[in-house]
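> Pasting a structure here, questions to come.
FYI, it's all coordinate maths here, none of it is from the lab. Predicted model, so just to flag it, every value in this text is computed and none were measured. Reconstructed Cβ throughout: ideal geometry from the backbone, glycine too, with neighbour counts over all protein chains shown.
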Amino acid sequence: MAIYHLRASMISRSAGRSATGAAAYRSGELIHDARTGLDFDYRARSGVTHVEILAPAHAPEWAHDRSALWNRVEAAETRKNSQLAREIRVALPAELSHEARVELVRDFCQRSFVDRGMVADIALHAPGLTGDERNHHAHILLTTREIDAEGFTTKNRDWNAVAVLEDWREAWAQEANAALERAGHVLRIDHRTLEAQRAEALELAQEARERGDEVEELAQTVRAVSLDREPLPQLSLGAWQLKERGIEVAAVRVWHEVRERALEVGRVAQELAGQARDWLGRVAERTLEALEPAPDAWGEFFAEAAGGGLRDDLSRDLDRDRQVADQAERVRQLELVKEREAHARRDDELDHEL
């Protein structure tokens, strides 16, 4: 099931990291670091399904060569605490084909990063052998300096603004939802916080209550319950590695506590969704029974047809069909709520690779 996940982080030399090493690992390639003399060889790793580099039209030819690009980045940064690259990680909709996922990431990178002047190094990864089989995701390494025909120039601090990150978060939701729509899927993702989504659900439930729409009120209430949880705290790389080894530091203990509370909320929401689905099923049955024609309805139908009653009967039939279809749609929406909660926790359990 499609979920929303976008995380941005910096690759900094002060943390003992390198742009060349990060690029080699994510692409599954061999890159020699000219500055340190180290070779980063990840050609044996599996799971890399697509790599490519997008650069502004005016960028030099070497900007499309992964080794040359990131060695130039390393050479341009002379300080021991230099920020070398920005990484964006996104979850890709499992519902899409591989080709559609590639197109989605490419379009997002072009509009959000390359058109702003960045070089984007893209790597799509398949789900791990032991994790969730729907965990398709992409790593996007971005340059932090302006680039012209001669090479890198000055750092662009505007790219660090919180407002820019929010633009990227919203843009990813829009691009992913457009891709889902093109593929014929009704499910959508939402970049907003859990709190904002819950507030909207409660507001919609209140509006439904005021107009007497019990079905919509119930659906939105279940949705609000499913969103009434804390987001899992972000673990540092070191803490995440300790967690994977079964070593619990304070941050890992907090992570487990929040995750358990989220699981409990999910169980409650699933139970409510199941009860709501059963209730809607009973309502739908009663609706059909109430709308069933009397035994002699067909005789009345043909008699009235001769007198011009055909149009009215057809209208009533259409009204009945619409009511039944509406009930079916409500049931489907509740199914989506149940499924969404069952998989929403994947957002905070995506891979935390180096």
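> Mind giving me the nanometre distance, one decimal, between the label points for Ala8 and Thr153, set 7 Å out from Cα along Cα→Cβ?
Going from the Ala8 label point to the Thr153 one covers 2.2 nm.
> Related question: If a paramagnetic tag sat 7 Å from the Cα of Arg182 along the Cα-Cβ line, which residues of the stretch 33-60 would have the backbone N under 20 Å from that point?
49-55
> Using only the alpha carbons of the stretch 6-182, determine the length spanned along each of the three principal axes and report them from longest to shortest in whole angstroms.
45, 37, 29
> Order of Val73, Val105 from fewest to most other C-beta atoms within 10 Å? Please report the intermediate quantities before stating the final value.
Values: Val73 23, Val105 28.
Arranged by neighbour count, lowest to highest, Val73, Val105 become Val73, Val105.
> Sticking with this one: Could you give the distance between the Cα centres of the stretch 30-87 and the stretch 117-180, to the whole Å?
Answer, in whole Å: 15.
> Between Glu203 and Ala15, what FRET efficiency comes out of the Förster formula 1/(1 + (r/R0)^6) with R0 = 45 Å and r the beta carbon distance, rounded to 0.05? Don't skip to the end; give the middle numbers.
Details: r = 43 Å, r/R0 = 0.95.
Working from the Cβ atoms, E equals 0.60.
> Ok, one more. Work through the residues other than Ser12 whose Cβ is under 12 Å from its Cβ and net out their charges, Lys, Arg +1 and Asp, Glu -1. Can you show the working numbers first?
Working: positive: Arg13, Arg17, Arg79, Lys80, Arg86; negative: Glu77, Glu87.
Cβ neighbours under 12 Å give a net charge of +3.
> Order 91-102, 52-63 from most to least packed using the mean count of other Cβ atoms within 10 Å.
The densest-packed peptide leads the list: 91-102, 52-63.
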